[in-house]
1. What's the local net charge at K195, with K and R +1, D and E -1, over the other residues with C-beta under 12 Å away?
2. Using amide H atoms built in the peptide plane, which far-off residues or other-chain residues are under 5 Å from I192 H to H?
3. Per residue of segment 152-168, what does 6.51 cos²θ - 1.76 cosθ + 1.60 with θ = phi - 60° give for ³J(HN,Hα)? Whole Hz please, x for Gly and Pro, Karplus curve as stated.
4. Report, in deg cm²/dmol and to the nearest 500, the calculated mean residue ellipticity at 222 nm for the chain, where each DSSP H run with n ≥ 4 adds -39500 (n - 2.57) and the sum is divided by the residue count.
5. Taking the Cα atoms only, what angle lies between the long axis of helix 285-299 and the longest principal axis of the chain, rounded to 10 degrees?
6. Want the number for R111 to R168: 0.36 nm per residue separation, take away the alpha-carbon distance, what's left?
7. Which net charge results when you count Lys and Arg as +1 and Asp and Glu as -1 among the other residues whose beta-carbon is under 10 Å from that of D62?
8. Would you mind checking which residues have amide H under 5 Å from L215's amide H? H placed 1.01 Å from N; only 5 or more apart, or other chain.
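What follows is calculated from the coordinates using simple rules that are stated; it is not laboratory data. Just so it is clear, the structure is predicted and the values come from calculations on it, not from any experiment. Don't worry about glycine lacking a Cβ; one is built from the backbone with ideal geometry, like all the others, and counts go over all protein chains shown.
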Amino acid sequence: MYFRPMSATRKWTHEVPENTPRMRIDDYCGGAIPILGSKSATKKAIKKSRITLNGKKAETADFIHPGDIIVVEGTGIRAVKKLDVDLPVIYEDDYMIIVNKPGGLAVNGNRYKTVENALAGHHSSGKVNDPLPRPVAVHRIDVPTNGLVVLAKTKSALIELARSFQEREIRKTYLAVVHGHPPKSGTIDNPIDGKPARTDYEVLRRVPSQKFNELSLLNLKPVTGRTHQLRKHLKSIGHLIVGDKQYAGDQPTILGKGLLLSAAGLQFLHPDHGRQVTFSIDPPAKFKRILDREENRYRN
């Protein structure tokens, strides 16, 4: 039997049902108590004294029996200070929230100005059994990159979405403005840090430029997920992303406008109902503005 928590106490009480086989508490709780969700999470909660068994502090060596009362206190998610920044919300329900992160803002980490802190006031309703105290990011995009970021609002959604990203079940699409004239379409499969990596791309627009010869707007589909994969891959074939001062070296680029890279599309299975969902955003207005400016300067 499972009881929903009272929001004020954030305690989850669970009674072990009849006919439950004898097993260790860390093997049992992950599947029985949604706010834990896994054996590793249960072990962490026990280590932090967040679980009691029949009123006593639980130990990993404890065995459970029918009728035992297990209480979980807290979610294990650290509290944060609310950041007063409004982020464009692309989608939200009781299980997840998707926002359009601006370039220059971190997703999470040991800093104040993050997406997670900006969303600290968003909560799930009482309809779910395993609400998190705040949305938790299930993936990251680089600080200078703008675009779609998915955050979970329940523990079960966090587990399922994190698994989907880790197992590359999420289809991601990016848009980027790059230097040069790449082929109309192609695949970049240069290893990154000694590991296999693959990026498929398609050219959406090309414009001439007096200063940079030519700029191109690309649609990018990373098949793998290496750190800075798109930035490194495009640099490796001679098509630096515009504004990428970290990888520019001596190559001139447009500075002061940010990195012209946008996480523009996501497709995945919803963590609750399992149906496919698709989300997309238009490229930042500055992409078109810069391409139009360079083309006009060249032609005039």
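1. Residues near K195 contribute +1 overall.
2. A197
3. My calculation for segment 152-168 gives 8, 10, 10, 5, 5, 5, 4, 5, 5, 5, 4, 5, 4, 5, 5, 8, 6 Hz in order.
4. Calculated from helices alone, the mean residue ellipticity at 222 nm is -5500 deg cm²/dmol.
5. Helix 285-299 sits at roughly 10 degrees to that axis.
6. 17.7 nm is the gain from fully extending R111 to R168.
7. Its environment carries a net charge of 0.
8. Counting only residues 5 or more places away or on other chains, the set is G180, V207, S209.
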